[in-house]
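Q: Pasting a structure below so you can have a look.
The values are calculated or read from the model by the stated rules, or taken from the named source; none is laboratory data. These figures come from a predicted structure and were not determined experimentally. Here the Cβ positions follow ideal geometry from the backbone for every residue, glycine too, while neighbour counts run over all protein chains shown. The accessibility values were calculated without ligands, DNA or RNA, using every heavy atom of the protein model including side chains. Shrake-Rupley method; radii C 1.70, N 1.55, O 1.52, S 1.80 Å.
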Amino acid sequence: MTARPNILIIMVDQLNGKLFPDGPAEFLHAPHLKALAARSARFRNNYTSSPLCAPARASFMAGQLPSRTRVYDNAAEYQSSIPTYAHHLRRAGYYTALSGKMHFVGPDQLHGFEERLTTDIYPADFGWTPDYRKPGERIDWWYHNLGSVTGAGTAEITNQMEYDDEVAFLANQKLYQLSRENDDTERRPWCLTVSFTHPHDPYVARKKFWDLYEDCAHLLPEVGMLAEDQQDPHSKRIMHSCDYGNFDLTEDNIRRSRRAYFANISYLDEKVGELVDTLTRTRMLDSTLILFCSDHGDMLGERGLWFKMNFFEGSARVPLMVAGPGVTPGLHLAPTSNLDVTPTLCDLAGISMDEVKPWTDGISLVPSINGEERTEPVLMEYAAEGSYAPLVAIRERKWKYIHCALDPDQLYDLEADPLELKNLAANPETPVQAATLQAFQDMRAAHWDMEAFDAAVRESQARRWVVYEALRNGAYYPWDHQPLQKASERYMRNHMNLDNLEESKRYPRGE
């Protein structure tokens, strides 16, 4: 068997990193994730590159910020020429496959994966393009609203459950298929990405998971709705874009939404348990790296905000755990980024960092796993719905800095003010705070040309509006991935030898 590890990436959607202070929070019913955490390198202060699905996932796969991938929002094309971890690993000899969501926009629905086992849950075209030319416009048919909160509760099947049940089933089926090749000394190592859409809203859960949280003590946010004069300008824009004014939330709505969200973490925990169990029974666990992550978080009613689209901790901080051969378990506190995942996977797979470094804004976390502290600042960007101009953020040591050309700067000391209630940029109280603010402003100016960033986003949006309106006239050919199966090559067919077939499909053999 090759010495290179297999890789299982388990990605979830919209999982708040504050719920993973050192693996899953104690109150969460997540035994399988807690067991995985116990043998993982755990990164408490890990951040998304952009708090929205498609930009975050494009950046996750490439290790590049949205300003570099040009995937600014949920309808921006992911160009085929951008190298992803699937490309890097496949180039090095890995088999690469995806079961589940990655929200690729455009005609390329693979981006380095040899095989996709499912279609995506979200559309692949330009229909969800925001428009900076019309600030304040709500596009009702696809913008978020608080119906997810007022409609929270239980169900035994939903659109999202149907999807994630399929994602898990096909992923386990693929693991069984891969296990049959274990006896082949020439086989390729594999990288399977399993990407779920839970616990993303709507906040609806199966009753058996809902019942786990009947007496949960965490069904209300730490910080409730802030007064309007306490909300920053971007938060006000988000509230407008999500149509807060037309919903009257009750405490019961909030409790039910958070309860369903926690319940869906337990739903996902069951799926993680199934995957780890399959690896164990097929004798692949000890040779497989497992990486658990999320694309972005969810505010869950903190500050009165729901969903994501901002740089506060609930939205921007996400779990990251890595377990397997060569990984020493332990908790790491230094800020890290989802941009670091691609170089980390390549490093663990034995790929030269010289081959990867030109194509990523992240850094390998292998030195951190081995005891060195990551000291580089973590960069984030947002240029999608709810914004009228791009926003950027920097997380370094205990500080978080947020900038938008339209708004006053924000600076938070996350050690002294973990709930981010005191914006030190508004009135620095000490020389240290003033110097820190200036240093972040200088860092931002050195890294971003905000005027050019804004112009690039506007040009991209305007182009896509023209193309989308054109392509929806007349005959329409969808870009959505259509998984195909060769049924004539499955199970038993008359061009196959029955004895050979039965032996080759059995693993372990002859026991």
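Q: Enumerate the amide H contacts of Tyr95 below 5 Å, restricted to partners 5 or more residues apart or on another chain; note that Pro and chain-start residues carry no placed amide H.
A: Trp190, Cys191
Q: A further question follows. Expressed as a whole number of Å, what is the distance separating the alpha-carbon centroids of the stretch 111-172 and the stretch 193-212?
A: The two parts, judged by their Cα centres, are 14 Å apart.
Q: In the stretch 425-502, which GluC sites (Glu not before Pro) fall in coil by DSSP and have 15 or fewer other Cβ atoms within 10 Å?
A: Sparse-neighbourhood loop GluC sites (Glu not before Pro): Glu429.
Q: Please report the spacing between the Cα centers of the stretch 414-432 and the stretch 315-381 in Å, no decimals.
A: Between the Cα centre of the stretch 414-432 and that of the stretch 315-381, the gap is 28 Å.
Q: Looking at the chain, what % of its DSSP beta bridges pair antiparallel, to the nearest 5?
A: 45 percent
Q: Using 0.36 nm times the number of residues separating Asp286 and Ala426, minus their current alpha carbon distance, what extension gain do you get?
A: Difference between extended and current length: 45.2 nm.
Q: Once both labels are modelled 7 Å past Cα along the beta-carbon direction, what's the Ala416-Gln433 spacing in nm?
A: Here the answer is 0.6 nm between the modelled labels.
Q: Expressed as a whole percentage, what fraction of the accessible surface of the stretch 70-169 belongs to carbon and sulfur atoms when a 1.4 Å probe is rolled over the protein heavy atoms?
A: 49 percent
Q: I've got another one for you. I'd like the FRET efficiency for Arg490 and Lys207, computed as 1/(1 + (r/R0)^6) with the beta carbon distance as r and R0 of 45 Å, rounded to 0.05.
A: Working from the Cβ atoms, E equals 0.80.
Q: What whole-number value in Å² describes the accessible area per residue of the stretch 32-154 for a 1.4 Å probe?
A: Each residue of the stretch 32-154 exposes 29 Å² on average to a 1.4 Å probe.
Q: Let me ask you something else. Given points 7 Å out from each Cα along the Cα-Cβ axis, report the Ala405 to Glu166 separation in nanometres with one decimal.
A: In this crude label model, Ala405 to Glu166 measures out at 4.2 nm.
Q: Quickly rank 52-61, 441-450 as a protection proxy: mean count of other C-beta atoms within 10 Å, highest first.
A: The most tightly packed comes first, giving 52-61, 441-450.
Q: Please give the FRET efficiency for Tyr468 paired with Asp499, using the beta carbon to beta carbon distance and R0 = 51 Å, rounded to the nearest 0.05.
A: 0.40
Q: Just how far, in whole angstrom, is the stretch 485-508 from the stretch 1-33 if you go by their alpha carbon centroids?
A: 35 Å
Q: Which value at 222 nm does the chain reach when only helices count, each DSSP H run of 4 or more adding -39,500 (n - 2.57), with the total divided by all residues and rounded to the nearest 500 deg cm²/dmol?
A: Here the helix-only value at 222 nm equals -9500 deg cm²/dmol.
Q: If I stretch the segment between Asp243 and Ser81 completely, what's the gain in nm (0.36 nm per residue apart, minus their alpha carbon distance), one decimal?
A: Once the chain is fully extended between Asp243 and Ser81, it gains 54.6 nm.
Q: Continuing with the same structure: Once you have a ≥ b ≥ c as the square roots of the Cα gyration tensor eigenvalues for the stretch 288-397, tell me rounded if a/c is under 1.5, and otherwise prolate or oblate according to whether a/b is larger than b/c.
A: Verdict is prolate for the stretch 288-397.
Q: Classify the stretch 395-511 from the C-alpha gyration tensor, please: rounded if a/c falls under 1.5, else prolate or oblate depending on whether a/b exceeds b/c.
A: Oblate is the answer for the stretch 395-511, as a/c is 1.5 or above yet b/c matches or exceeds a/b.
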